[in-house]
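Every number here is computed from the coordinates shown, using simple stated rules; none is lab data. All figures in this text were calculated on a predicted structure; none of them were measured in a lab. Here the Cβ positions follow ideal geometry from the backbone for every residue, glycine too, while neighbour counts run over all protein chains shown.
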Amino acid sequence: MTDQEPLVKLEHVEKFFPVPTGFVANLRAGSEKPAVRAVDDVSFEIKRGEVLGLAGESGSGKSTVGRLVLRLLDPTAGKVFFDGVDLGTLKAEQMRQMRSRMQVVFQDPMASLNPRMSIGKAVEHPAQIHMPDLTRQQRRDEVYEIFSAVGLDPPKFFYDKFPHQISGGQRQRVVIARGLITRPDLIVADEPIAMADVSVQALLLDLMLRLKDEFDLTYLFITHDLATTKYICDRLAIMYLGRIVEIGSLQEVFTNPQHPYTRALLSAVPVPDPRHRRTAPLPRGEIPSPINPPAGCHFHPRCPIAQEGICDVEVPEFLAYKDETSHLISCHLRTGAYQNLDPDRQLA
Amino acid sequence: MTSEVLYSIRNLDVEYDTRHGGVRAVDDLSLDIRKGEILGLVGESGCGKSTLGKAMMRTITTPGHILGGELWLEDVDLMTLSEKQMSGIRGNEIGMVFQDPMTSLNPLMKIVDHLVEAIRAHNKNVSEQAARARAMEMVKDLGIRSERIDDYPHQFSGGMRQRIMIALVLALNAKLVIADEPTTALDVIVEAQFLDLLRGLRQEFELTILLITHNIGVVAEVADRVAVMYAGRLAETAPVEALFLDTKHPYSRGLLKSVPNIDVDHQELYKMEGAPPNLIAPPSGCRFHPRCPYAVDLCSAEQPKLLAVTGDDHHAACWIYSDRESRPVESLA
C-alpha cells in the first residue's frame, strides 16, 4: 500500500432524517423539528486496497454511512470525498460517471435481481450503461469473464439462467459479478453474506478476498457480525447510535478494545465452543432511539464505567489511544482530560 | 438433570406436495427430548428443522402433511388426538417462540392483555385483577419495567417482545418450549441477554426447551445436547461438549469448521463443497455423500442408520463408524 490519497474520505458527515409529524405539531415545533440522527459527525478514511469493516447493531447508522459513501443519500452536513473529489460538488451527469467506479452489494440478492431478467443480462446491464463503446460480443465476453471470476462456471451455462433457478449463494455471486463488470475501485458491501448459510458464508468471504486482489478493489464491509470481520477486514470501525466509537486496525480493535461498547459487543458474540465463557459484563438494556439520543456520550446510560457529570454532559472527542495513532476512541475515560478517572487505570 | 424422556419422535415422515412431486422434508426421523434439557437442533436452511418443530405441534398445513410416525408427549400419543384435543395441548403443554415475535403478538392488544389471557386460559379461577398482578410480576422478573405492560407490542423493542413471548409460555406453564430461531432477529447484545434469561428460567422453572437455530454459536452457549440435521435426517446427536470437541459426522465437522470463531486467531475457514441437496430428488444412500470428502461406494448405495459411536449418548449416521465400513476415525482429521 502506498502513502497516497485515500480512496474514500468522510469529513464530519451528518445525516438527519426528518420524523414525519402532524400539521399542528409542525406549526408548534417551528424550526426545532424532530429528526432521526442516523449519522452524527462521522469521519474516516479508506485507503486504496483496504477493507474497512463497519460494524454495529441495527439502528446504529452503518447502512446509512454506506449510502452516503455512494451518494445514494446526500449528507445533511459534512463532505464525502471519493478519490479526492468532493462528491457534493458533482453535477448529476458527473456523478453518474463516477458511479461506475463504486458499486454496491446488498444483503438480499433476490431483492437485488429482477426475477424476469436472466442473470447474464442483469450483469451485462451496467456494461451497457457505463461502457457504451463495447460491441455486443465484447460485452458478452466481459460477462463470461466476470462469471468465471466469481465462480459461476461454466459461464455460458449460467448466462441464460434466471434468479430462481440458482441457489442463494450463486445469486449473491451474480450480484457481486454485476458490481464488478464496470471494474469499480470501491465496493460497498452491506451485509453481503448475512442471508447465506454458514457453509456458503465461508465460500463467499473467500471469493470476496480473492476478487479484491484480482480486481484491485477497496471494500467498505458493513456487517452486524463481528466474527466475520476477522476474515476480511484490515481495519474496523464500531458504530453506536450514529457515531463511530472506536476505529483501528483489526488487531487493535480485537485484541485491545478500549471503548466499553466495543468490549461489550465483542464479548456478546456467541462463540462456537461450549467451554467459552463471556469476558465482559453485558450492558443493560437496549440501544435507545436515535430520535432523542442520550446527551453527552450516547452510550453513557448503558456504560459500566460512565461518570456522572462528564459522560452524560459532554460529547467525547475522537482521540488516539495512547500512541497508537491509527487507533481512535471516543470515550472520556480512555483518552483526553478525564482519563485518570478510568477505573482500569486506577486498578493498574 | 434426569434422563426421563418428555417428548419422543418416532420414525416421523413429513412431506410437502409440490408440482414436481413430494418433498420429504423430514425423513424417518426419531429423536427424544429429555425432561429439563435444552436440546439444540441445528442445520442449514431447508434441512427440515422448522418443519420438524411444526410437526411436533401438529401444525403442518397443506401442502404439507405428516405421512407417518409417532409423536409422544410423555405417555400421550399426539397422533391419535383429535384436532380439538391437540389445540388443548398447544399452548397448555407445548409453547412456541418464533423468530419474529411481532407476528405472534396481536398488535391491537396491550401487552398486559396477552398475558392476562394466557394466565386465565390456564386457570379460569384467577380473577382479572390477580392475573394482572401476576403479569406485572412476570415482566419484572424478565427485566421489563412493570408499568410498561400497558403498552402495545409496537412500543416494545425486539428483545422485549421476545421476552414477552417467553412470559406467555411461562404463564401457560408449558412442559416443553419449542423455540424456532428465537434470537435470529435480535442484535448480539440483546441476543446474549436473551440467552442468559433462557438459561436462568430453565433453572428456575425446570423448562424443557427445543432450540431450533442455524447459529452454531448460540447452541454452544446454551444447549445441553445437540442434534445436527441434514436434508431431512439427523446426522448426529451428542451432548454439547462431545459434539464440539469430538465431532463425528463429516457434515457436522464441516459445518463447525466453517463457523467463524471470534476467539481464535488465524482460523482457516473450511469451505464445504457443493450445496444442500434438492429434496425432490435427494441423493441415494447417505444424503451427504456427494459433498462428503470421505465417501465410499457404500455411502451412495445404502442409507446409514443413526447409531451409537462413543458412549451411549453420542450417535452419528455415518458408515465410517459402522462395522461394515470401519475405518480409523483418525483419518477424518
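What's the angle, to the nearest 10 degrees (0 to 90), between helix B:158-171's Cα axis and the longest principal axis of chain B? Taking Cα atoms only, the helix is inclined about 80 degrees. Once the Cα atoms are used to define both axes, helix B:83-92 deviates from the longest principal axis of chain B by about 80 degrees.
Peptide A:285-291 shows a mean partner chain C-beta count of 3 within 10 Å per residue C-beta. Between segment A:127-167 and segment A:44-63, how many Å separate their Cα centres? Each part reduced to its Cα centre gives a spacing of 29 Å. For a straight C-alpha distance cut-off of 17 angstrom, the aspartates and glutamates reachable from B:Lys124 (same-chain residues fewer than eight places away being disregarded) are B:Glu93, B:Asp113. Across peptide A:198-211, the average count of Cβ atoms from other chains found within 10 Å of a residue's Cβ is 5. Among A:Ala194, A:Ala127, A:Ala111, the largest mean-square fluctuation in a Gaussian network model of chain A (Cα springs under 10 Å) belongs to A:Ala111. Sequence-distant contacts, meaning Cα pairs under 8 Å at least 6 residues apart, place the relative contact order of segment B:163-249 at 23 percent. Here A:Arg140, A:Arg171 are placed in order of increasing Cβ neighbour count within 10 Å, fewest first, which gives A:Arg140, A:Arg171.
Legend: distances between Cα atoms for B:Lys248/B:Lys271; A:Lys47/A:Lys161; A:Lys9/A:Lys121; A:Lys230/B:Lys271; A:Lys230/A:Lys322; B:Lys35/B:Lys257; pairs beyond 26 Å are A:Lys47/A:Lys161; A:Lys9/A:Lys121; B:Lys35/B:Lys257.
With a cut-off of 13 Å between beta carbons, the residues surrounding B:Tyr152 carry a summed charge of 0, where Lys and Arg count +1 and Asp and Glu -1.
Counting other Cβ atoms within 10 Å as a rough exposure proxy, the listed residues B:Trp72, B:Trp319 run B:Trp72, B:Trp319 from fewest neighbours to most.
At a Förster radius of 51 Å, what calculated FRET efficiency corresponds to the Cβ-Cβ distance of B:Glu83 and A:Ile291, to the nearest 0.05? The pair B:Glu83/A:Ile291 has a calculated efficiency of 0.65.
Computed from backbone phi, the HN-Hα couplings of segment B:252-268 come to 4, 4, x, 4, 5, 6, 9, 8, x, 10, 5, 8, 10, 7, 6, 7, 8 Hz, rounded to whole numbers (Karplus: 6.51 cos²θ - 1.76 cosθ + 1.60, θ = phi - 60°; Gly and Pro given as x).
Only Cα pairs within less than 10 Å get springs; with that Gaussian network setup on chain A, which residue of A:Ala268, A:Ala55, A:Ala25 has the largest fluctuation? Most flexible of the set in this elastic network: A:Ala25. With K and R counted +1 and D and E -1, the other residues having a Cβ less than 15 Å from that of A:Val200 yield a net charge of -2. Computed over all pairs of different Cα atoms, the Kirkwood value for the hydrodynamic radius of the protein assembly as shown is 27.5 Å.
Between B:Asp75 and A:Lys161, what's the calculated FRET efficiency when r is the beta-carbon distance and R0 is 45 Å? Round to 0.05. It comes out at approximately 0.30. Other residues lying with their Cβ under 15 Å from the Cβ of B:Phe194 contribute a combined charge of -4, Lys and Arg counting +1, Asp and Glu -1. Of the GluC sites (Glu not before Pro) found in segment B:247-329, the ones in coil according to DSSP and having at most 12 other Cβ atoms within 10 Å of their Cβ are B:Glu268, B:Glu273. Each principal axis of the Cα cloud of chain A was taken in turn, and the coordinate range along them, longest first, works out to 68, 59, 41 Å. Does segment B:189-333 come out rounded, prolate or oblate, given a ≥ b ≥ c as the square roots of the eigenvalues of its C-alpha gyration tensor, rounded meaning a/c under 1.5 and, failing that, prolate meaning a/b above b/c? Prolate shape, in that a/c is at least 1.5 and a/b is the bigger ratio. Once the Cα atoms are used to define both axes, helix B:111-122 deviates from the longest principal axis of chain B by about 80 degrees.
When the helix-only estimate is applied to the protein assembly as shown (DSSP H runs of n ≥ 4, each -39,500 (n - 2.57), divided by the residue count), what is the mean residue ellipticity at 222 nm, nearest 500 deg cm²/dmol?
-9000 deg cm²/dmol, from helical runs alone.
Of A:Lys47, B:Lys248, the sequence from fewest to most neighbouring Cβ atoms within 10 angstrom is A:Lys47, B:Lys248.
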